[in-house]
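Right, one structure below, let's go through it.
Nothing in this text is a laboratory measurement; each read-out follows from the coordinates by a stated rule. Keep in mind the model is a prediction, meaning the values are calculated, not measured. As a convention, Cβ positions derive from the backbone with ideal geometry for all residues, glycine included, and neighbour counts pool all protein chains shown.
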Amino acid sequence: MSLKRIHHVAYRCLDARETVNFYRDVIGMDFKLAIAEDFVPSTKAPDPYMHIFMDCGGGNVLAFFELPNSPKMSRNLNTPEWVQHIAFEVDSFDFLVTEKERLQSLGVDVLGPIDHGIFDSIYFFDPNGHRLEFAANKGTDAEMRELKNVAEAMVDEWSRTKKAPRHAAWLHENIFAAEKNG
């Protein structure tokens with residue numbers, strides 16, 4: 001396969017300036033570039049837009065479109081708001097705790113840290129309503145191998161039953177037991 005990495009992932013934003021300011025000044029991303037056109041290059045449709053690109057590190061780019069002539073944006077109301085999110089890997093649990101405090105001091109509501117077994121996370125929303133996650137990995141190599149080994153069987157069972165397979169139940173059962181006992 002000749003795929004190298006994700007070039008960029010694009011979302012819609014309400015206001016390009018506010019979005020740049022949030023991702024640069026609050027999250028700490030570098031503002032890479034902006035592209036603006038009066039016509040969509042792929043369709044030639046007359047639809048002015050501002051397209052901004054933010055550097056997420058590691059060659060990853062998060063992009064946004066402001067579309068002033070389109071209907072007001074909203075999220076997919078048929079999908080729970082916890083489902084669609086952008087997750088960024090961070091170095092440690094300590095970073096999550098420190099970042100939660102920093103974000104809260106800026107007026108950002110933050111949920112977590114949440115223990116997912118193989119990583120811990122905090123969650124919050126950007127000014128556009130996009131849910132963001134900071135995740136600190138903690139899974140062992142053995143845990144990750146076990147999850148990889150059961151992945152196909154889990155999806156096959158889910159496809160047949162639409163019920164949560166038990167192949168990796170250990171992942172969250174350990175968490176729930178610890179919460180119950182402590």
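Please order SER70, SER105 by the number of other Cβ within 10 Å, starting at the fewest.
Ordered by Cβ neighbours within 10 Å, fewest first: SER105, SER70.
For the chain, the longest principal axis of the C-alpha atoms and the axis of helix 170-181 are separated by about 80°. When the listed pairs LYS4/LYS138; LYS4/LYS163; LYS32/LYS100; LYS4/LYS148 are checked against a 28 Å cut-off, the alpha-carbon distance exceeds it for LYS4/LYS163. Taking Cα centre as origin and charging only the Cβ of basic (Lys, Arg, +1) and acidic (Asp, Glu, -1) residues, the dipole magnitude of the chain rounds to 560 debye.
Estimate the FRET efficiency between ALA142 and ASP30 by the formula 1/(1 + (r/R0)^6), using the beta-carbon distance for r and 45 Å for R0, to the nearest 0.05.
E(calc), rounded to 0.05, equals 0.80.
In this structure the amide hydrogen of LEU132, modeled in the peptide plane, comes within under 5 Å of the amide hydrogens of ILE86, PHE124, PHE125, ASP126, none closer than 5 places in sequence on its chain. Looking at region 75-125, the GluC sites (Glu not before Pro) that sit in a DSSP loop and have at most 16 other Cβ atoms within 10 Å of their own Cβ are GLU81. Counting only DSSP beta bridges with both residues in the chain, the antiparallel share comes to about 70 percent. Enumerate the residues in region 132-152 having an amide nitrogen under 17 Å from the point lying 7 Å beyond the Cα of ALA10 toward its Cβ. It comes to no residues whatsoever. Taken about its Cα centre, region 1-71 carries a charge dipole of about 320 debye when Lys and Arg each add +1 at the Cβ and Asp and Glu each add -1 at the Cβ. A Gaussian network model of the chain, with springs between Cα atoms under 10 Å, assigns the largest mean-square fluctuation among LYS72, LYS100, LYS163 to LYS163. For ASN60, the shell of other residues with beta-carbons less than 10 Å away shows a net charge of -1, using +1 for Lys and Arg and -1 for Asp and Glu. Candidates LEU33, VAL61, PRO71 compared by Cα position along the dipole of region 23-82: farthest toward the positive end lies PRO71, with charges placed on Cβ. Cα centroid separation, region 101-169 to region 42-72: 27 Å.
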